[in-house]
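A short worksheet on the structure shown next.
The values are calculated or read from the model by the stated rules, or taken from the named source; none is laboratory data. What you are looking at is a predicted structure, and each value in this text was computed from that prediction instead of being measured. Every residue, glycine among them, receives a Cβ derived from its backbone with ideal geometry; neighbour counts consider all protein chains shown. These accessible areas exclude ligands, DNA and RNA; they are computed on the full protein's heavy atoms, side chains included. Shrake-Rupley method; radii C 1.70, N 1.55, O 1.52, S 1.80 Å.
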Amino acid sequence: MNIYKTIAETKKFVQHCHQNQLKIGFVPTMGALHQGHLSLIEKAKTENDIIVASIFVNPIQFNNREDLLKYPRTLDKDAAMLQQVGCDAIFAPSENEMYPEPDTTVYEFGSLAEVMEGKFRPGHFNGVAVVVKRLFDIVQPDNAYFGEKDYQQLQIIKSLVKQKNIPVTIIPCPIVRETDGLAMSSRNIRLTEVERNVAPFIYKTLLQAKEKANQFNPDELLHWVINQIKSQPLMTPEYFEIVDATTLLPISNWNECEHAIGCIALFLGSVRLIDNIGLK
Ligand code: PAF
């Protein structure tokens, strides 16, 4: 497995793959890898000839400096994990390599970027779009794999690809959970033991919400979930929204859309976690 630090080396590798008609599957990450990321690589391996992963903690998608500073950086361990699952190349640029000059591109995603994460993390999705567009330009993948835990990010990236006519297929991949239900996340390692023990309550609540969806209207269900989370002393809900799975606009009636999804963001101690569940 090759680890490339520069755009030039990566482009050379990509060019070699294309010359040999090898299909490239791409898994962009910010490192601190877990089984969720590895499941993306495994899925990519079934559909491509060459797998490229990127590891780059993208500063411009963090709206909170402390979150950026605390974001785990474990490159050696990540590289060993990627090698073991059969990744072919890693692109792990420095900040200067990726942004020799500030990138001030402003993308327009309309309401997709204004609700939920967009509302609570201003500028976050623009930062994601900037880096993903740059990564796609460098890696030129045939297929790119994104986890459904970041459901809103997935919709933003689909919109980016459509707007910019990027010749890549976006493949959504299901959330991978710990055996107790906690959605895998690089942030989970920042939870204290006590916080980690109560963390499964999030998914348990989402599952109960799914069961209650035929009893309650969306507004009632939303309040029920928020109150459940508030009942946990270590948890502070940021939002729970029930939205149309395509437009991400909140619904007030189950008949308003074909598929509805419940998306949650909360603080467990000082760690911000997100999760979601299909409700309809
Ligand atoms: O989901 C992530 O890890 C990041 O947002 C991504 C897509 C790698 C862009 O930095």
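Please work out whether the stretch 143-280 counts as rounded, prolate or oblate from its C-alpha gyration tensor, where a ≥ b ≥ c are the square roots of the eigenvalues and a/c under 1.5 means rounded, while otherwise a/b larger than b/c means prolate and anything else oblate?
oblate
Enter the accessible area of E256 (Å², nearest 10), with the probe set to 1.4 Å and all protein chains included.
For E256, the solvent-accessible surface is approximately 100 Å².
Rounded to the nearest 10 degrees, what's the angle between the helix 35-47 long axis and the longest principal axis of the chain, both from Cα atoms, 0 to 90?
Orientation of helix 35-47: about 60 degrees from the principal axis.
Which angle from 0 to 90°, rounded to the nearest 10, does the C-alpha axis of helix 218-230 make with the longest principal axis of the chain?
80 degrees
Kindly provide the helix-only [θ] at 222 nm of the chain, computed as the sum of -39,500 (n - 2.57) over DSSP H runs of four or more divided by all residues, to the nearest 500 deg cm²/dmol?
Estimated from H runs of four or more residues: -11500 deg cm²/dmol.
Which cross-chain or sequence-distant (5 or more) residues have an amide H under 5 Å from the amide H of R272, H modelled 1.01 Å from N in plane?
Sorted by chain and number, the residues that satisfy this come to none at all.
S94 to I189: FRET efficiency via 1/(1 + (r/R0)^6), r the Cβ-Cβ distance, R0 25 Å, to the nearest 0.05?
The computed FRET efficiency comes out at 0.60.
Quick one: which of 127-135, 187-195 comes out on top by average Cβ neighbours within 10 Å, and what's the full order, highest first?
Averaged packing, sorted descending, gives the order 127-135, 187-195.
Multiplying the sequence separation of R65 and D103 by 0.36 nm and subtracting their Cα-Cα distance, what value in nm do you get?
11.9 nm
What is the spin-label model distance, in nm, from N255 to F216 if the labels are put 7 Å beyond Cα along the C-beta direction?
Here the answer is 2.2 nm between the modelled labels.
Cα axis of helix 201-212 to longest principal axis of the chain: angle in degrees, 0 to 90, nearest 10?
60 degrees
Tell me, how many Å apart are the Cα centres for the stretch 202-242 and for the stretch 119-168?
Their Cα centres are 29 Å away from one another.
Rounded to the nearest 0.05, what FRET efficiency do H18 and K164 have when you use their Cβ-Cβ distance and R0 = 22 Å?
My answer for the efficiency is 0.65.
Give the shape of the stretch 1-106 as rounded, prolate or oblate, defined through the alpha-carbon gyration tensor: a ≥ b ≥ c are the square roots of its eigenvalues, a/c under 1.5 means rounded, and otherwise the shape is prolate if a/b is larger than b/c and oblate if not.
oblate
Which of K133/K280; K23/K158; K164/K204 have a Cα-Cα distance over 30 Å?
Pairs exceeding the cut-off: K133/K280; K164/K204.
For K5, list the aspartates and glutamates whose Cα falls under 16 Å from its own Cα; do not include residues on the same chain fewer than 8 positions away.
D76, D78, D88, E95, E97, D137
Give me the percent of accessible area attributable to carbon and sulfur for the chain, probe 1.4 angstrom.
Whole-percent figure for carbon plus sulfur exposure: 50.
Quick one: which of 69-76, 10-17 comes out on top by average Cβ neighbours within 10 Å, and what's the full order, highest first?
Peptide ranking by packing, descending: 10-17, 69-76.
Using 7 Å Cα-to-Cβ label points, what is the T6/T74 separation (nm, one decimal)?
In this crude label model, T6 to T74 measures out at 3.1 nm.
Where nothing but the Cβ of Lys and Arg (+1) and of Asp and Glu (-1) is charged, how large is the charge dipole of the stretch 140-239 around its Cα centre, in debye to the nearest 20?
Charge dipole of the stretch 140-239: 200 debye, to the nearest 20.
About its Cα centre, how strong a charge dipole does the chain have in debye, to the nearest 20, once Lys and Arg get +1 and Asp and Glu get -1 at the Cβ?
280 debye
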